[in-house]
Amino acid sequence: MQAKTRLNISTALIALFLIAAPVQALAAVSQISFIHMNDLHANLTPHNDLVRLLATDGTPYSKIENRGGIARIATLVKQLRRETPDAILMNIGDTYHGGVEALYSRGNAIVAPVDALDIDIAVPGNWDFAYGPITTRLRYSSGSSPLASLVNTLLFGTVVKKPSYPVIAGNVRKTLSILLEDEALLPATYMHTVGQVKIGFIGITSDIVERMSPMLAWGFTFLEGEEAYKSLIDRHALQLRKEGANLVVVLSELGLHRDHQLANVVEPGVDIFFSAHTHELTPTPLQSMSGAIVVEAGNDAYLGKMDVTVVDGIATDIDWEILAVDAGLKEDPEMLLLVNAARAPFLGTDVHFKYPIPGVDLPLTEAIDTVTGRIPVDLHRRNVLENPFNNLLADAMRDYYDTDIALTPGFRFDSVISAGSDITLEQLYRYLPVPPVLAKGTITGKNLKAVFETELMRVFSTDAFKHSGGWLMGVSGLELTLDLTQEEGKRVLAMARISDMSPILPDDMLTVVSCVRPFDGDDIMCSNPGFKSVEKVSGPHGENWTPLQLLRHSLENTSPGQRSRRHIHDTAEMPSWPNAPYIQPLHSQGLP
C-alpha cells in the first residue's frame, strides 16, 4: 500500500527551477526516510492477525493471516536500512506491556529485544505506565531517582531496565520528586540531523493514564484538552524552527482521531503527525487544514515507511507506504536468540513469577503455552461495537454469576484465534493483561442508559478529545438498539432483555456482574458510576476472581456453543470495519 503527497512546492516547479538556474545556484535536494513502528504491545513472536484486504473488484474484506513478531520486524528494518542507511526508526506507543513475558517482568523481558532494533527516537504509551509510578520513573526518568530506587528495591528486589534510545514526551510532568518539585518526566523535543537536514521531533504520550487507574498516574500530571495541546505543539514547533529544523514532526500517542483534529487547528509549521494508540492503518495520509499530514501504521503487523524529499531545506514530496510484517519475512537469527532468551523463563516446568503490582495475588506458575480450551468461532476484538471475544467473556460472566447483564472493558488489544483452534494461557493474557476484580451490583434502567450514552460518547464523539481509550464495552443479556448518527446523549433508542425481549424501563432494577479496579468508588463498575450494592464476588475456592480466571475456568469446564451472536444494532447502519477503512470512525465518515 503506497501513497504520495505533495507539500509546499510542486515537483514540476522545482524541476523547472533546476533547469533554468545557473550551475552555482543548483538546489540542495535531500531525501529523508522514516520507519514508523507503533503499538508493539510486547509482541515478541509471530501471531495471527485480522487484516483488511481488497478484492479484485475493490470490495473490502477481512482475513486471518500470520503477522508480526519482533524478529520479523528486525529483518524488515535491516532491509530498509540497507536501502537507506540513515533511515530514522521511530517507536511510538505501547511497547513494554501486552505480553505475559512483559507483564511478569515489569517490561524487563522486552527491553533487550527492542533495544536491538536500534531505534532512533521513541514516545511511551499509556500501557507503559501500567506497572505503576515507581517503575515508570525508573524506566524513563533521566538521572538517578534515589527514592524510587529504594522503594523499588523494597517492593520488588529487581532493577527496572531502561531503553537505550532517546524517549520524549512533553505532556507529562512529575509532581512528586525528591525535592517535591514539578518537573518534566521526559524531554519534550529532540533534534536529529541527517546530512544537511535537521528534523525536530515533538513527543506526546497518552493522557488517559489516570482514567485507566488513579494509582498508575500517582505523582504525574498530564496535559488535557485540545487548546492545551495546540499551544504545546505551536510553541515547540516555533522553537524547533528557530533552532534550524527543516522538518518538524510530531510523534503522538494520542491516537489517530485526536492527532487529525489537532492537525486541523495547529499553526502551520508541523509537517507530519506520526500517530499511535488507536491501532488504525492509514494506507493514504490524512490531510489537514494546517498542511500537516497524519499517519498511523496499525500495530506490530505492519511498519510504515515515509520518504520525504527536502529541497533547499523545505519539504516537497512525501511517499508513504505500508509494509506488511508477514510470513514472507524470515526471522532475524540474532533477534531470535534474544526472543528465545526472553521467553525461556516462561516455558517448561519451572515457571514461578509473582504478579508485578503490589497487593495483587495472581502468580504465574505454569508454562505460558499451556492450552486452556478450544475456541468454536474466530476470536478477536476488531469491531468497535460488538466483537467475538467481548461476547465470549461477557456471556461466561453472566452465566457463572446468574445475573441479568454482564459488562466487560472495551480494550483494543487482542490475540486473533481461528475457529476450532486451541487458546493458550499466553493468548488469554493478551486479551486480559490487567487484574480487575469481578463484582456484582445493581443498576436502574435509567442509569444503565446513561452508562451506554457515556460509553458511546467516548467512542463516537465528533470531538476526539472526549474519546477515552478503547472501544465499546462488552455486553451480555441485553439487546441494544442505537442510532450512531444522533447527537450525544440520544444514541440509545431502546434496551431490552434478551431472555424475553421485554423493554428495560427507567425504573427497572437489574443485577449486573462486571469488574472493579483498586481505588474505584463504591458506585463504580467497568469504569462507570451509577451502580448500587457493589460487592466483590468469589471464585470456586472463595478467592477474589479476575475476568481472566473466570474465562479460563469457563473454557476448561464448559464447551462454548457454535455461536456468533449480534445483540447491538445501529439503525443508521453506519459502515463498520472492514467495510469502512477505520475501526473507530473518523469525523469524515458521516458522524454529525
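The values are calculated or read from the model by the stated rules, or taken from the named source; none is laboratory data. Bear in mind that the values here come from a model prediction, so they are computed numbers and not experimental data. Please note: Cβ atoms are built from the backbone with ideal geometry, for glycine as well, and neighbour counts cover all protein chains shown.
Starting from residues that are of a type in the set (Asp, Glu) and either part of a loop (DSSP other than H, G, I, E, B) or in the same structural domain as Arg258 (by TED's automatic domain parsing) (or both), keep the ones in region 470-491 and report whichever is surrounded by the fewest Cβ atoms within 10 Å (Cβ to Cβ). If we take residues in region 470-491 being of a type in the set (Asp, Glu) and either part of a loop (DSSP other than H, G, I, E, B) or in the same structural domain as Arg258 (by TED's automatic domain parsing) (or both), then Glu487 is surrounded by the fewest Cβ atoms within 10 Å (Cβ to Cβ). How many of the residues in region 371-387 are assigned to a loop (DSSP other than H, G, I, E, B) and farther than 21 Å from Glu280 by Cβ? Going through region 371-387 one residue at a time, the tally reaches 3. What do you reckon, is Gly69 in the same structural domain as Ile202 (by TED's automatic domain parsing), under 20 Å from the mean Cα position of the chain (by Cα), closer than 25 Å to Trp320 by Cα and buried (at least 24 other Cβ atoms within 10 Å of the Cβ)? Answer is yes for this residue.
Among the residues of region 41-59, are any buried (at least 19 other Cβ atoms within 10 Å of the Cβ), under 17 Å from Val325 (Cα atoms) and acidic (Asp, Glu)? So far as region 41-59 goes, yes, one or more of its residues are buried (at least 19 other Cβ atoms within 10 Å of the Cβ), under 17 Å from Val325 (Cα atoms) and acidic (Asp, Glu). Scanning region 451-469 for residues that are of a type in the set (D, E, K, R), part of a helix (DSSP H, G or I) and either on the phi > 0 side of the Ramachandran plot or touching a residue at least 40 places away in the same chain (Cβ under 8 Å) (or both) yields a total of 1.
Summed over region 482-530, the residues that are charged (D, E, K, R) and at positive phi give a count of 0. Do we have Ser275 as in contact with a His (Cβ under 7 Å, 6 or more places away or on another chain) and either assigned by TED's automatic domain parsing to the domain that holds Asp414 or of a type in the set (Ser, Thr, Tyr) (or both) here? Judged against the criteria, Ser275 is not a match. Residues considered: Ile368, Ile322. Of these, the only one that is assigned to a strand (DSSP E or B) and either at pLDDT 95 or above or not hydrophobic (A, V, I, L, M, F, W, C) (or both) is Ile322. Of the strands (runs of 3 or more DSSP E) lying entirely inside region 95-203, the ones with 1 or more residues being touching a strand residue (DSSP E or B) at 6+ places or on another chain (Cβ under 8 Å), within 28 Å of Gly469 (Cβ to Cβ) and polar (S, T, N, Q) are found at 189-194. Can you find even one residue in region 350-358 that is at pLDDT 95 or above and touching a Lys or Arg at 6+ places or on another chain (Cβ under 6 Å)? No, region 350-358 has no match at all.
Filtered by the rule that a residue be touching a residue at least 40 places away in the same chain (Cβ under 8 Å) and surrounded by fewer than 24 Cβ atoms within 10 Å (Cβ to Cβ), region 262-271 gives no residues. Of the residues contained in region 475-492, one or more are found to be within 25 Å of Phe389 (Cβ to Cβ), in contact with an Asp or Glu (Cβ under 6 Å, 6 or more places away or on another chain) and of a type in the set (Ser, Thr, Tyr).
Exactly one residue out of Tyr190, Tyr229 is in the same structural domain as Ile35 (by TED's automatic domain parsing) and buried (at least 23 other Cβ atoms within 10 Å of the Cβ), and it is Tyr229.
Within region 325-360, the set of residues being closer than 16 Å to Glu101 by Cα and either part of a loop (DSSP other than H, G, I, E, B) or of a type in the set (S, T, N, Q) (or both) comprises Asn340, Leu347, Gly348, Thr349, Asp350, Val351, His352, Lys354, Tyr355, Pro356, Ile357. If I ask for residues that are without any contact (Cβ under 8 Å) to a residue 12 or more places away in the chain and touching a helix residue (DSSP H, G or I) at 6+ places or on another chain (Cβ under 8 Å), which ones from region 100-158 would you list? Within region 100-158, just Ser149 meets the criteria.
Residues that are buried (at least 21 other Cβ atoms within 10 Å of the Cβ) and within 24 Å of Ile208 (Cα to Cα) do occur in region 397-408.
Which residues, taken from region 431-450, are assigned to a helix (DSSP H, G or I) and surrounded by 22 or more Cβ atoms within 10 Å (Cβ to Cβ)? Don't jump to the end; show me each part of the working.
Let us first name the residues in region 431-450 that are assigned to a helix (DSSP H, G or I), namely 431, 445-450.
Within region 431-450, Tyr431, Leu448 qualify.
Being buried (at least 19 other Cβ atoms within 10 Å of the Cβ) and either assigned to a loop (DSSP other than H, G, I, E, B) or in the same structural domain as Asn171 (by TED's automatic domain parsing) (or both) is the requirement here; does Asn91 meet it? Considered against the rule, which asks whether it is buried (at least 19 other Cβ atoms within 10 Å of the Cβ) and either assigned to a loop (DSSP other than H, G, I, E, B) or in the same structural domain as Asn171 (by TED's automatic domain parsing) (or both), Asn91 comes out as yes. Which numbered condition in (1) touching a residue at least 40 places away in the same chain (Cβ under 8 Å); (2) closer than 22 Å to Pro113 by Cβ; (3) of a type in the set (D, E, K, R); (4) crowded, with 22+ Cβ neighbours inside 10 Å is the only one that Arg381 fails? Just one mismatch for Arg381, condition (2). For region 499-529, filtered to residues that are assigned to a strand (DSSP E or B) and of a type in the set (A, V, I, L, M), the residue that is surrounded by the fewest Cβ atoms within 10 Å (Cβ to Cβ) is Met509. Against the list (1) more than 20 Å from Ser275 (Cβ to Cβ); (2) crowded, with 21+ Cβ neighbours inside 10 Å; (3) not aromatic (Phe, Trp, Tyr), the condition Lys78 fails is (2).
Listed here are the residues, each with its yes/no results for (1) on the phi > 0 side of the Ramachandran plot; (2) at pLDDT 95 or above; (3) out of contact with any helix residue (DSSP H, G or I) (no Cβ under 6 Å at 6 or more places or on another chain).
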position	(1), (2), (3)
Val160	no, no, no
Tyr165	no, yes, yes
Leu176	no, no, yes
Thr193	no, yes, yes
Asp207	no, yes, yes
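Ala148 passes every criterion in (1) modelled with pLDDT of 95 or more; (2) buried (at least 21 other Cβ atoms within 10 Å of the Cβ) apart from (1).
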